[in-house]
Amino acid sequence: MEKAIEPELCRTMKEVRQGVDAIDAELVALLAQRFGYMRAAARIKQDRSAVRDEDRKRAVIEAAVAAARAQGMPDDFIARLWEDLVETSIAYEDGEWVRQRG
C-alpha cells in the first residue's frame with residue numbers, strides 16, 4: 001500500500017481512498033486492542049451484572065464528544081458512533097464473560 005498523504009494535500013480520489021484505507025487499518029488495529037480490554041474486563045469482573053455500567057457508558061460517550069468537539073468534529077455524529085461502539089463493546093464483554101466461565 002502506498003503511503004497516505006494528509007487530507008489537505010489530496011488532489012485525486014485515489015489519494016483520498018489511500019488515506020481512508022490507511023486510517024481504516026489503524027482503526028481496526030485500535031479496535032482489536034480495545035476489545036482486548038473488554039476481554040480483560042470480562043475476566044476481572046466477578047459478577048455478570050457488572051458488565052453493564054451506565055455511568056461508565058455515559059462518561060465514555062461524553063469524553064468522546066468532548067474530544068470530537070476539541071478537534072472541530074460534529075459531536076452529534078461522534079455521540080451516535082460511540083453509542084454503537086460502547087453497546088457493541090458491552091455485548092462483546094458479556095459474551096466473553098459467559099465464554100470465560102464456560
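Things to note:
- Members of the stretch 64-95 found to be of a type in the set (D, E) and loosely packed, with under 13 Cβ neighbours inside 10 Å, listed by number: D76, D84, E87
- Looking only at the stretch 80-102, and only at residues there that are more than 17 Å from the chain's Cα centre (by Cα) and either aromatic (F, W, Y) or at pLDDT below 95 (or both), the one that is farthest from M38 (Cα to Cα): G102
- Selection of the stretch 30-49 for residues being within 14 Å of E96 (Cβ to Cβ) and either modelled with pLDDT under 95 or hydroxyl-bearing (S, T, Y) (or both) yields only Y37.
The values are calculated or read from the model by the stated rules, or taken from the named source; none is laboratory data. These numbers were taken from a predicted model, which means no experiment stands behind them. Note that we place each Cβ from the backbone using ideal geometry, even for glycine, and neighbour counts take in every protein chain shown.
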